[in-house]
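Derivation of every value follows stated rules applied to the coordinates shown; laboratory data play no part. On a predicted model such as this, the values are computed, not experimentally measured, just so you know. All Cβ positions, even for glycine, are placed from backbone atoms using ideal geometry, and neighbour counts span all protein chains on display.
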Amino acid sequence: MVPHACPARLPCTLAAAPPKLSTLQPGLENKDAPSWLEEPIRHVVKSQQFNQEALDHVFKVAREMELVRPGTDESRQLQGAIMSTLFYEPSTRTRLSFESAMARLGGTILTTESAAEFSSAAKGETLEDTIRTVEGYADLVVLRHFQAGSAEKAASAASIPIINAGDGPGQHPTQALLDVYTIQREIGRLDNFRIGLIGDLANGRTVRSLAYVLSMYPGVKMYFVAPDVCRMKDDIKSYLSSVGVDWEEVDDLAQVAADVDVLYQTRIQKERFQDRPDDYEKAKGKYIINAETMKQMKKDAIVLHPLPRVDEIHPEVDSDPRAAYFRQARNGLYVRMALLKLCLENRPLAH
């Protein structure tokens, strides 16, 4: 692997107005859209930004990232670059994997956890003002926020790359990319397979992003298995129908488990039901993957979960080789290393 040469540091200058974000439509029509790789600033705000060409390139770089070892030239590819992780909601895997990714490539991390409570947001500062301030300290911002659309709002104000680490019930594009990377690594293909999306499909940003990305691949059938109060929203279903993706809502988990190549389980998100506790009680625990579910699955099928889990996958499943969710979490490191490299390559470091 040829080591990436870090761009030389340049003196700070007044940033030009950030370029306007491309207007990209979801899914299949991205084949005709400008590639993410050609964007002047490679923000990662929604999964619809990525066409197959861009995904293939990200995954190629992610495979290279699996081979990076400490002390090598490859481990210094982002030496001198500074990443800020700005999190307004709790996170373990996403925040730590981004920070590990940056450290493994030789970069520096500025981190803020619980930014809604401990940053100037508590004093009333707008997100745009926060971003304009933080970009004076860092070369890239990884943002998690509680409002859908916040990452796009931040990117519109920024002159450095913004990576969406989850925006409320909106999207989680890097999770979708690592999910698709994992599916490819585990079952060997991204076309002509069946996937069951289970759990909180109404509030789950991971399943929304994943549905958009998988819609680009031919022959993918999606089953939606969710309690009544957590069903997939109509915008996703209408979109999938409009681009010819085969989908079906099913109540019987056992039926889906026997038919699919991938079971993608999600937790019922209690934090999204604060004003509807009765609905949460109706939904939790309805669909649980356990040893009996695994008996119904194909021998070469896999179980994924974006984590954290509560009780929706029984711990007895963990020892089954088809339980791929911890391998999935590990793959998040490599995909995020790839995204950091691609977002920062060929950009002058202004600090």
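Maximal additional length on extending the residue 125-residue 290 stretch stands at 54.8 nm, based on 0.36 nm per residue less the C-alpha distance.
As a rough guide to protection, the peptides 171-178, 150-157 ranked by mean Cβ packing within 10 Å, highest first, stand as 171-178, 150-157.
For a paramagnetic label modelled on residue 132 (point 7 Å from Cα along Cα→Cβ), amide N atoms under 14 Å away belong, within the range 158-172, to 158-160.
Model label sites at residue 310 and residue 111, defined 7 Å from Cα along the beta-carbon direction, differ in position by 2.6 nm.
Between residue 248 and residue 96, the FRET efficiency from the beta-carbon distance, with R0 = 35 Å, is close to 0.45.
Computed extension length for residue 192-residue 241: 15.9 nm, one decimal, from 0.36 nm per residue of separation with the Cα-Cα distance subtracted.
For the range 141-273, the convex hull spanned by the alpha carbon atoms encloses 114 Å³ per residue. Taking a ≥ b ≥ c as the square roots of the eigenvalues of the Cα gyration tensor, the range 140-210 is classed as oblate, since a/c reaches at least 1.5 and a/b does not exceed b/c. Distance between the pseudo-spin-label points of residue 41 and residue 278 (7 Å out from Cα toward the beta carbon): 4.7 nm. The radius of gyration of the Cα set in the range 284-351, together with its Dmax, comes out at 17.6, 56 angstrom.
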